[in-house]
Amino acid sequence: MSRTAMSRTTLTATALVLSLGLTACGGGDEKQVSADAKQTLTVWAMGEEGNRVAEIAKTFNKEHPGITVKVTPVGWDVAHQKLVSAAAADQLPDMAQLGSTWVGEFIELGALEPVDTEVFEEKDFFPAAWQGNEKDGEVYGVPWYVDTRVLYYRTDLAKKAGVQGEPKTWADQLKLAEGYKKLDSTKWAFSLPAGGDGAWQNWLPYLFQAGGTLVDKDGRPTLDSPESVKALTEYAKYFDKGLARGTRPTPGYDVIKDFGADKVPMFASGPWMVQNIEDQVPKVADQYETVPLPSGAKQGNIIGGASLVTFAGSEHKAAAQEFTKFLTDAKTQAKWYEMAKSLPANQNAWNEPQLKKADVEDFKASLDAAQAIPPIAKWEEIAHQIDLTLEKLAKGGDPAKLAAELQKNAESLVS
Amino acid sequence: MRAPTTSTPTTTPTTSASASSSSSASAERAASGGKAPAPRTPASDRSADGTPKLRRDRLSRHNLAGWLYSTPFLAFFLTFMAFPIAATLLMSFTDFGLRNVTNPMDAEFIGLENYTKLFQDELFLKALFNTAYFVVLGVPLTIGSGLFAAVLLNSGIERFRTFFRVGFYAPVVTAIVAVAVVWKFVLDPSEGLIAGLARELGFTAPDFLGSEALAMPSLIVMAVWRNMGTAMVLFLAGLQAIPTEVREAARVDGAGAFQEFRKITVPLLTPTMLYVAVMTTIGFLNVFEEPFVMTDGGPSDSTLTVSLYMYREGFDFFHMGYASSMAYTLFVIILAVTLLQLRLLKDRTK
C-alpha cells in the first residue's frame, strides 16, 4: 500500500510529459542509412529470445560486418508497458519482437513500418501467423516463431482409469476426463481455467473447433454466433460435471506440480511444457502423451508466438530488413529451434534436419489447423471480456446469454 | 502570563491570546484593529545585518541562499509532482486513450463525461464498495491490534521485548512479493498451512482466495498483519510520552488496570491515535498491492479495488483520461475522509 494513488497518477502523467516534450523534437526526418554503411541496429527482444538473440547475431555479422546488433532483453511482464511508453516518448528501438496479439495495438499507434511483401512472402509462413500481422492490405510484421496448444495427458492414469485410445474429439476428451475423475488421486480431471488473466487462450480453440470466428469479414465481432454458444457450452461441461476447478486459479498457478503428483492428469498448453515437465517432474516424463487438441466440428487452434517488426521512426530500416531476413530464413530458424526450442514460423524450416529429428509432429498438425487472431487495436480489452465471460460461465451462467453479453461488449470496443 | 521576551513578534500575540483568558489580551487585539501588536523586544529591534527594517522582500539577496538550497527539491517537485498532478487533472476531462499516447494533443475535451460515466460504471461502484469494505474492517483492526500489541509491549512483557517488537515490525519492511509467496502458501486450499492443520483436525479448509465471500476478508487479515507494526511503533512512542506521575495519580485514586487504560492511556494517546488513524486510512483507501499480487481482483471482481481498477484501465488498456478521473475521485474521497477524521479525533485533553 505504499504506492499511493497520487504516485500512480504521477506515473500516468509523467508518461504524458515525456510524450509532450519529446514528440515535438522527433520524427519528420528521412535520413535513412543504407544496409552497407557502418551502423548500430537496436533490437528489443523478450524472454528467452532476449537472452539468446545476441548469440545468433554473431553469425549475421559475418555477412554484414558493418551492422552492430545491440540487443536489449526485456522481460515479458514489463515489455508491453515499456513499448507503449517508448512509443509515447519516441524512444523506440529500430526493431523489436512483438507478441502476436500486440501488433494491432501498435498499428493503431502508427508506430510500425509496413513490411515489403516482395522480400517476405506469405507462402513461406504459417497462414495464421502471417494473417495476424495483416491489416487493411498492409503487413506490419514478419512471423518469427510460433506456438500453439496441444493436449497433455497422463497415459498411465488413463490406463488405470480404463480409458483407451488417444482423445481425438470433444467427446473423447470428455470421456477421458470423466475416467480420470474416478481415480482417488485426482483432484481435478482437467486443468481448464475458470476465467482469470489469459483464460481466453484456452477457450478460443473451442470457438475455432466449433467452426466459429472472432470477427466477420468487415471486422465486426461474431461472438454471439451459434458456434460461439456451442463452444461456450462445451467449455462449461467441465465445470458442470465437476471435472475442472470452478473458481479461477490464483495468479501464478502452475499446473506442472499437480500434473506430476497425479492430481491434475490433463491440461492444454504450449510446446514449452515439454521441457518444463522434464526439468520439474522428471518421474512422469515417460508417462504422458501429447496430442493435437481434440476436434469439434473441425480441427482448430490458436497461434501464438512473436513477430519481428521495424518501427516507423527507425533510421536503419534497410539494416533492420536484412536482420529480419536473416532471422526468418529457414536455415537460421532451424538452428534457432535447436538453441531456444522456439518453433519456426517459416514452414520451410520444418524440413530441415533439426526439426525432422525432433518430435514436433503434433505441433505441426496443430499449427496447420490454427486460425489467426486478427490485429484488433483493442484486442487486450476484448480478451479481458472473454476472461470475464468464462468466469461467469464456470459459475453456471447460461452460454447463450453470456454470448450475447460478450458480443455487446465486444461491439462497443470495435469501432 | 506574558509571552517570553525571546518570542518573535508574530508568535507573541497568539501565545498570549491562547495562554491567558484575561480580557486584556483581547482588548489589546481589538484596539489594534484585529492586527497583532508588535511588542518591542530586543529581537525585533534590529534584524541580522543591523538594518532597522522589519519586513524584507522575500526574494532579496538575503534569501537567495535559501532558494538555492531548495532548488533541487523544487525542480523535482515541479517536474515529477506538481506538473503531472495538474496534467492528470486536465487529462481527466479528455478522452485520452491509446492513440493519444503518440499524439497527446489530439485528445478531445469531453467535459465531465468521464466522471458521469464513472458513476454509471458498475465495476467502478463495485470497486468503491470493495475499497470501503477493506477500509471499514481493516483500519479499526489495524489500529486495535497495533494498540493492543503496543500496550502489552510497553507494560506487560518484560522479557524478549525487543524480540517481539522486531517480530511485529518485520512484516512492514518485508517486500510484498515475499509476503505474497508466504501467504499464498498459508492460504492454499490443497497444500497450505491452514488446509494442512484443518485436515489434521478432520475439517476441510475453504478455498480462501478462490471464494467470493472469503477472498476479501483474507486480504484484510493479511493487510492488518502487514500494517499493525507501523501502528504499534507509533503507539509505543506515544505511550512512552505519557508521564508516569499521571498514571501514579490514577492508581493512588484507586483506578484498576482497565480504568487506567480507558481514562488515562486512551485520552492521552489521542494525538498519536489521530496520526495513526489518518495515515492508516489513507494507506488502506489506496489499497493496491495486496489484491494485485494475491488475487488480481478476483474471483468475480470481489477484490477489485479502486486503485487496482485504475491501474488496469490506465496501464493495461491505456484509457488514461478515464483512469485520471478515477484518480481524482479517489483523491477527493481521501481528502473528505481525512478532514472528517481530523474533526472527529480532535485532541480534547488540552
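The values are calculated or read from the model by the stated rules, or taken from the named source; none is laboratory data. Values in this document were obtained by computation on a predicted structure and should not be read as measured data. Using ideal geometry, Cβ is built from the backbone for each residue, glycine included, and neighbour counts are taken over all protein chains shown. Remember, those area values only see protein heavy atoms, side chains included, never the ligands or the DNA or RNA. Shrake-Rupley method; radii C 1.70, N 1.55, O 1.52, S 1.80 Å.
How big is the B-A contact in terms of buried accessible area, both chains counted, 1.4 Å probe, rounded to the nearest 100 Å²?
Approximately 4100 Å² gets buried when B meets A.
Can you list the residues in segment B:270-291 whose accessible area drops by at least 20 Å² when all protein chains are present, compared with the chain alone? Use a 1.4 Å probe, heavy atoms only.
B:283, B:286, B:288, B:289
So what J values fall out for segment B:306-323 if you push phi through Karplus, 6.51 cos²θ - 1.76 cosθ + 1.60 with θ = phi - 60°, rounded to Hz, Gly and Pro as x?
Running phi through 6.51 cos²θ - 1.76 cosθ + 1.60 with θ = phi - 60° gives 4, 5, 5, 5, 4, 4, 4, 5, x, 9, 8, 10, 6, 8, 5, x, 5, 4 Hz.
Provide the percentage of antiparallel DSSP beta bridges, counting only those with both residues in the protein assembly as shown; round to the nearest 5.
65 percent
Using the alpha-carbon atoms, what tilt in degrees (0 to 90, nearest 10) does helix A:76-89 show relative to the longest principal axis of chain A?
Around 30 degrees separate the two axes.
Based on Cβ point charges of +1 for Lys and Arg and -1 for Asp and Glu, what charge dipole magnitude is obtained for chain A about its Cα centre, in debye rounded to the nearest 20?
1400 debye
Cβ under 9 Å from residue A:343's Cβ, residue A:343 left aside: what net charge do those residues give with Lys, Arg +1 and Asp, Glu -1?
Counting the neighbours of residue A:343, the net charge comes to +1.
May I ask you to find the residues of segment A:89-118 that are shielded by at least 50 Å² of accessible area once the whole protein assembly is considered instead of their isolated chain (probe 1.4 Å)?
SASA drop of 50 Å² or more in segment A:89-118: A:108, A:109.
Running a GNM on chain A with Cα contacts under 10 Å, which residue among A:79, A:358, A:394 ends up with the highest mean-square fluctuation?
Sorting by GNM fluctuation, first place goes to A:358.
Could you pull out every residue, at least 5 positions away or on a different chain, whose amide H is within less than 5 Å of the one on residue A:304? Hs are placed 1.01 Å off N in the peptide plane, and Pro or chain starts have none.
A:147, A:148
For chain A, with all protein chains present and a 1.4 Å probe, just round the carbon and sulfur fraction of the accessible area to a whole percent.
Of the solvent-accessible surface of chain A, carbon and sulfur hold 49 percent.
What chymotrypsin sites (Phe, Trp or Tyr not before Pro) in segment B:123-172 are in a loop by DSSP, with at most 13 other Cβ atoms within 10 Å of the Cβ?
B:160
Kindly report the accessible area of chain A per residue (heavy atoms of protein chains, probe 1.4 Å, no ligands, DNA or RNA), in Å².
I get 42 Å² per residue for this part.
With Cβ to Cβ distances under 12 Å as the rule, what net charge do the other residues near residue B:94 carry (K, R +1; D, E -1)?
Summing Lys/Arg as +1 and Asp/Glu as -1 gives -4.
For residue A:376, what residues show an amide H to amide H distance below 5 Å, using hydrogens built from the backbone and excluding near sequence neighbours?
A:104
List, in order, the whole-Hz ³J(HN,Hα) value for each residue of segment A:262-279 obtained from phi through the Karplus relation with A = 6.51, B = -1.76, C = 1.60 and θ = phi - 60°; use x for Gly and Pro.
Coupling constants for segment A:262-279: 6, 7, 10, x, 8, 7, 10, 7, x, x, 5, 5, 4, 5, 4, 5, 4, 6 Hz.
Place +1 on the Cβ of every Lys and Arg and -1 on the Cβ of every Asp and Glu in segment B:232-350, take the dipole about the Cα centre, and give the residue among B:240, B:337, B:279 whose Cα lies farthest towards its positive end.
B:240
Within a Cβ distance under 15 Å of residue A:74, other residues only, what is the Lys/Arg minus Asp/Glu net charge?
Charge balance in the 15 Å sphere: -1.
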